[in-house]
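A short write-up of the structure that comes next.
The values are calculated or read from the model by the stated rules, or taken from the named source; none is laboratory data. Computed from a predicted model, the values in this text were never measured in an experiment. Here the Cβ positions follow ideal geometry from the backbone for every residue, glycine too, while neighbour counts run over all protein chains shown.
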Amino acid sequence: MTDKHISLTKEQITQLEKQNCICADWKDVLVAAGFKAVHIKNTTFSGKIKLGKFDKQITFYGGVKKQTGIYNAYLHNCTIGDNVYISNVSNHIANYVIEDDCIIDHIDLLAMESQSTFGNGIKAVVVNEAGGREITIFDGLTAQIGYIVALHRHRTKVRAKIENLIAKYTESVKSDIGIVGKGSHLSNCGTIKNVRIGPAAIIGNIKRLENGTIKSCLQDPTEVGAGVVAKDFIIAEGVKISEGSIISDCFIGQATKMTKQFSAENSTCFANCGFHHGEICSIFAGPYTVSHHKSTLLIAGLFSFFNAGSGTNQSNHMYKVGSVHQGIFERGTKMTSDGYISYPARIGAFCVVMGRHYAHPDTGDLPFSYLFEENDKTFIVPGINLRTVGTVRDGDKWPKRDERKAPEKSDLIIFDVLSPYTVQKIIKGLDMLLNLEPAHTNTSKEVVCNNLHFNTSALHKGIEYYSIAINKFLGDCLIDKLKSSTPKSKADLGKIFQSTNPDAVGKWLDIAGLLVPEKYVNSLLDDIETGKLATIEKITESLKQLHSNYSEYKWAWACEKINNIMKKHAELTDAEKVLKIIESWSAASKKLTALILADAEKEFADVPRIGFGVDGDEKTRDDDFDAVRGTYEGNSLVKQLKKQQEVTNQTAEEWKNKIKFLSA
């Protein structure tokens, strides 16, 4: 955008007036060097105006080329950059800076009315609809900062410090001038009031936008499209919202998609969420929260890596003192079609919920389980989701589906399915199952604990699945450490297990996608409280450091668990202990892979073939199925699993041989 502007010449004023341009005082209109009046037609100016130069043509959809300039518009107190195209403004544009290369074509109103903070400072009432967990949204909000504010309310001084920093930032962005960032494209729009728009944004066919910020960048343009109505909002880079979606009091995080008449109210939605058809109200949607179906409601809860089936619903009140109850859905949870949960409830990581549950289930320490309903009772099948191909597919797809392209990825995400966070819960779950197991007689078919009903056969299997997962995870960590350490002697081997990070060995937390030891979270909160982390930028940098150190922390946690196992075999040498762990890892991996492959093979059995070969015999059915779905042997995920197991087998043999021949 041109910095220096000069007054219009008499010739330019005369030409503008001949082209049906009007201004009460042409002295209030300043122009850039190289300005040509020929490109301004049928335009009224009022207030203070600055105009850039218009010396380029731009290409529209279908290959139509048009000259930059201003045509059929009313501008009040505006600065217009170089090579902007403004045409057919029904009402007016007021109090805006339109940066270089923007297109504003067929809009009703683009205006600032008094001062605005552009959505910064709006409070989203998340997780608990009755209040008490509000997040003050701002255009620098991240999933981790939001989580701390909403879920660590007991740290009142921390919350007060962060809220004060957000308030200061909000005050700093307050302005009576709006901005449309460089290269943005606004077309066929209704009313846009008090909205700040970032570079390269694409705004088309919207009905109304009011009091908000649309962040955008050249690398990851934000798109807000047909029929959207939004008020009191922050929208991040790479977001796509369209098709009649309605938004109020919301933060929408990077690369989130919201379409097909979706309704969002008082919610924060972070990276790579997907929302279509349904409704959210008062939720904290951590990364990869997905709801695709009509009649699906997510309300008053914490979600992440979550998938809602059609008709999913929750109720957050018990008809007593109001909508005061909440739900916690740990990472990776799924609810099947018509799934329902009565709050309060907590669903453990990677659990699958089927049916309707009224008994307020808490499966936080029973991850990877199935919940189903029978005669109004909640039955649980512990650990079974560890052996499903769907869980493997989820862990594989999430990193591949990270669509954020902005230079700065705001939300910090660890994608691991098995991690210290989930395995610590598996260990607790295993202890619970082992304590329950002796309680039944040989004739018992059912065990009840905390309103959860266990079939004894499922309980036995759960013990097996959890044991396999623990050995698999610890073995994976050990092999990774051996590869990075490359021990040359038995003395080197012993040094591997001398962990120097005691702060990582305790409880782990999932801070909206960031897996981190609790002690480090508490230390960060202490630093915020004491003022050591005195800015949002410093808090963010500290969180990024925790994210960068994940592998180090993971090994420290696993190392302690491995040391505890090794202590049980005091009669063995260190090398023999390591060999024993590698054997357990190899066996666990082989067993788990076999279970997952067997689950995958079910997708190619007779039942899934129903509906194929509609006009033929059994051979036609099979041929049709193979043409559409492929074969079990040719399935890419099946081949990947088999290849991984081959690598595991080879790796186990290689390290067993290396360790056997290490020098003293």
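Consider Ala264 against the criteria (1) touching an Asp or Glu at 6+ places or on another chain (Cβ under 8 Å); (2) in contact (Cβ under 8 Å) with a residue 40 or more places away in the chain; (3) part of a strand (DSSP E or B); (4) farther than 23 Å from Asp365 by Cα: it satisfies all of them except one. Which criterion is unmet?
(2)
Condition (residue is outside any helix (DSSP H, G or I) and of a type in the set (A, V, I, L, M)) applied to segment 471-492: is it met by at least one residue?
At the first step, the residues of segment 471-492 found to be outside any helix (DSSP H, G or I) are 486-489.
With of a type in the set (A, V, I, L, M) added as a condition, the list becomes none.
The answer is no, given that none of the residues of segment 471-492 is outside any helix (DSSP H, G or I) and of a type in the set (A, V, I, L, M).
Which of (1) under 24 Å from the mean Cα position of the chain (by Cα); (2) at pLDDT 95 or above; (3) of a type in the set (Asp, Glu) is the odd one out, the single condition Glu210 does not satisfy?
(1)
Going by the structure shown, is His547 touching a residue at least 12 places away in the same chain (Cβ under 8 Å), part of a helix (DSSP H, G or I) and closer than 23 Å to Lys591 by Cα? If you could, list the steps in order and put the result at the bottom.
Working: touching a residue at least 12 places away in the same chain (Cβ under 8 Å): yes; part of a helix (DSSP H, G or I): yes; closer than 23 Å to Lys591 by Cα: no.
So His547 fails the test.
Picking from Lys619, Lys602, Lys577, Lys590, which residue would you name as being at pLDDT 95 or above and basic (Lys, Arg)? Step through it out loud before you land on a result.
On the way: Lys619 fails: at pLDDT 95 or above; Lys602 fails: at pLDDT 95 or above; Lys577 fails: at pLDDT 95 or above.
Result of the check over Lys619, Lys602, Lys577, Lys590: Lys590.
For segment 141-156, give me each residue that is over 17 Å from Cys250 (Cα atoms) and either in contact with an Asp or Glu (Cβ under 7 Å, 6 or more places away or on another chain) or not in a helix (DSSP H, G or I) (or both). Give the derivation first.
Let us first name the residues in segment 141-156 that are over 17 Å from Cys250 (Cα atoms), namely 148, 151-156.
Selection gives His152, Arg153, His154, Arg155.
Looking at Gly131 and the list (1) modelled with pLDDT of 95 or more; (2) within 20 Å of Ala285 (Cα to Cα); (3) surrounded by fewer than 22 Cβ atoms within 10 Å (Cβ to Cβ), which single condition is not satisfied?
(1)
Yes or no: Phe138 closer than 25 Å to Tyr96 by Cα and surrounded by 24 or more Cβ atoms within 10 Å (Cβ to Cβ)? Outline the logic, then answer.
Details: closer than 25 Å to Tyr96 by Cα: yes; surrounded by 24 or more Cβ atoms within 10 Å (Cβ to Cβ): no.
In short, no.
Is it fair to say Val448 is modelled with pLDDT of 95 or more and in a strand (DSSP E or B)? So that I can check it myself, show each step before the final result.
Numbers: modelled with pLDDT of 95 or more: no; in a strand (DSSP E or B): yes.
Here the answer is no, as Val448 does not meet what is asked.
Looking at Trp585, Trp557, can you tell me which residue is modelled with pLDDT of 95 or more, within 41 Å of the chain's Cα centre (by Cα) and either farther than 25 Å from Gln645 by Cβ or in a loop (DSSP other than H, G, I, E, B) (or both)? Please lay out each step first, then the result.
Numbers: Trp585 fails: either farther than 25 Å from Gln645 by Cβ or in a loop (DSSP other than H, G, I, E, B) (or both).
Just one listed residue meets the conditions, Trp557.
Determine if segment 601-617 includes at least one residue that is part of a helix (DSSP H, G or I), free of Cβ contacts under 8 Å to residues at least 40 places away in the same chain and within 30 Å of Leu482 (Cβ to Cβ). First the steps, then the outcome.
Keep residues of segment 601-617 that are part of a helix (DSSP H, G or I), which gives 601-602, 607-609.
From what's left, free of Cβ contacts under 8 Å to residues at least 40 places away in the same chain: 601-602, 607-609.
Next cut, within 30 Å of Leu482 (Cβ to Cβ) only: none.
Checking segment 601-617: not a single residue is part of a helix (DSSP H, G or I), free of Cβ contacts under 8 Å to residues at least 40 places away in the same chain and within 30 Å of Leu482 (Cβ to Cβ).
Looking only at segment 493-526, which residues are in a helix (DSSP H, G or I) and under 27 Å from Ser304 (Cα atoms)? It would help to see each step written out before you state the result.
In the first step, residues of segment 493-526 are kept if they are in a helix (DSSP H, G or I); the result is 493-496, 502-504, 518-526.
Scanning segment 493-526 gives Asp503, Ala504, Glu518, Lys519, Tyr520, Val521, Asn522, Ser523, Leu524, Leu525, Asp526.
Quick test of your reading of the structure: Ser586 fulfils all but one of (1) crowded, with 21+ Cβ neighbours inside 10 Å; (2) among the polar types (S, T, N, Q); (3) under 24 Å from Ser663 (Cβ atoms). Name the failing condition by number.
(3)
If a residue must be within 30 Å of Ala73 (Cα to Cα), among the hydrophobic types (A, V, I, L, M, F, W, C) and outside any strand (DSSP E or B), how many such residues does segment 161-193 contain?
If we filter segment 161-193 for residues that are within 30 Å of Ala73 (Cα to Cα), which is where we start, we get 173-193.
With among the hydrophobic types (A, V, I, L, M, F, W, C) added as a condition, the list becomes 173, 177, 179-180, 186, 189, 192.
Pick out the ones that are also outside any strand (DSSP E or B) and you get 173, 177.
Here the count works out to 2.
Here are Gly383, Gly395, Gly364: which of them is touching a residue at least 12 places away in the same chain (Cβ under 8 Å) and in contact with a Lys or Arg (Cβ under 6 Å, 6 or more places away or on another chain)?
Details: Gly383 fails: in contact with a Lys or Arg (Cβ under 6 Å, 6 or more places away or on another chain); Gly395 fails: in contact with a Lys or Arg (Cβ under 6 Å, 6 or more places away or on another chain).
Every option except Gly364 fails the conditions.
Take the residues in segment 589-638 that are of a type in the set (Gly, Ala, Ser) and surrounded by 12 or more Cβ atoms within 10 Å (Cβ to Cβ), then tell me which one is farthest from Asp396 (Cα to Cα).
The first filter runs over segment 589-638 and keeps only residues of a type in the set (Gly, Ala, Ser), leaving 589, 594, 598, 600, 605, 611, 613, 616, 627, 630, 634, 636.
Filter once more, keeping what is surrounded by 12 or more Cβ atoms within 10 Å (Cβ to Cβ): 589, 594, 600, 613, 616, 630.
Values: Ser589: 17, Ala594: 18, Ala600: 15, Gly613: 31, Gly616: 37, Gly630: 20 Å.
Going through the qualifying residues, I end up with Gly616.
Within segment 485-504, identify whether any single residue is among the acidic types (Asp, Glu) and under 30 Å from Pro367 (Cα atoms), and answer yes or no.
To start, the set of residues in segment 485-504 that are among the acidic types (Asp, Glu) comprises 492, 503.
Checking which are under 30 Å from Pro367 (Cα atoms) leaves us with 503.
Yes, because at least one residue in segment 485-504 is among the acidic types (Asp, Glu) and under 30 Å from Pro367 (Cα atoms).
Which residue out of Glu541, Glu529, Glu437, Glu537 is assigned to a helix (DSSP H, G or I), within 27 Å of Lys580 (Cβ to Cβ) and not hydroxyl-bearing (Ser, Thr, Tyr)?
Details: Glu541 fails: within 27 Å of Lys580 (Cβ to Cβ); Glu529 fails: within 27 Å of Lys580 (Cβ to Cβ); Glu537 fails: within 27 Å of Lys580 (Cβ to Cβ).
Result of the check over Glu541, Glu529, Glu437, Glu537: Glu437.
Can you tell which of Ser248, Ser282 is surrounded by fewer than 24 Cβ atoms within 10 Å (Cβ to Cβ), modelled with pLDDT of 95 or more and in a strand (DSSP E or B)?
On the way: Ser282 fails: surrounded by fewer than 24 Cβ atoms within 10 Å (Cβ to Cβ).
One residue alone meets the criteria, Ser248.
Which one of Ile414, Ile496, Ile479, Ile463 is closer than 30 Å to Cys273 by Cα and surrounded by 14 or more Cβ atoms within 10 Å (Cβ to Cβ)?
Values: Ile496 fails: closer than 30 Å to Cys273 by Cα; Ile479 fails: closer than 30 Å to Cys273 by Cα; Ile463 fails: closer than 30 Å to Cys273 by Cα.
When all the criteria are applied, what remains is Ile414.
Only residues that are within 21 Å of Ser586 (Cβ to Cβ) and of a type in the set (S, T, N, Q): list them for segment 605-658, please. Before the answer, list the steps.
Keep residues of segment 605-658 that are within 21 Å of Ser586 (Cβ to Cβ), which gives 638-658.
Hits for segment 605-658 are Gln640, Gln644, Gln645, Thr648, Asn649, Gln650, Thr651, Asn657.
Need a quick list: strands (runs of 3 or more DSSP E) entirely within segment 22-84 having at least 3 residues that are surrounded by 15 or more Cβ atoms within 10 Å (Cβ to Cβ) and within 41 Å of the chain's Cα centre (by Cα).
So the answer is 69-80.
Ala558 - would you say it is touching a residue at least 60 places away in the same chain (Cβ under 8 Å), surrounded by 16 or more Cβ atoms within 10 Å (Cβ to Cβ), closer than 30 Å to Ile659 by Cβ and among the small types (Gly, Ala, Ser)? Step through it out loud before you land on a result.
Numbers: touching a residue at least 60 places away in the same chain (Cβ under 8 Å): yes; surrounded by 16 or more Cβ atoms within 10 Å (Cβ to Cβ): yes; closer than 30 Å to Ile659 by Cβ: yes; among the small types (Gly, Ala, Ser): yes.
Yes, satisfied.
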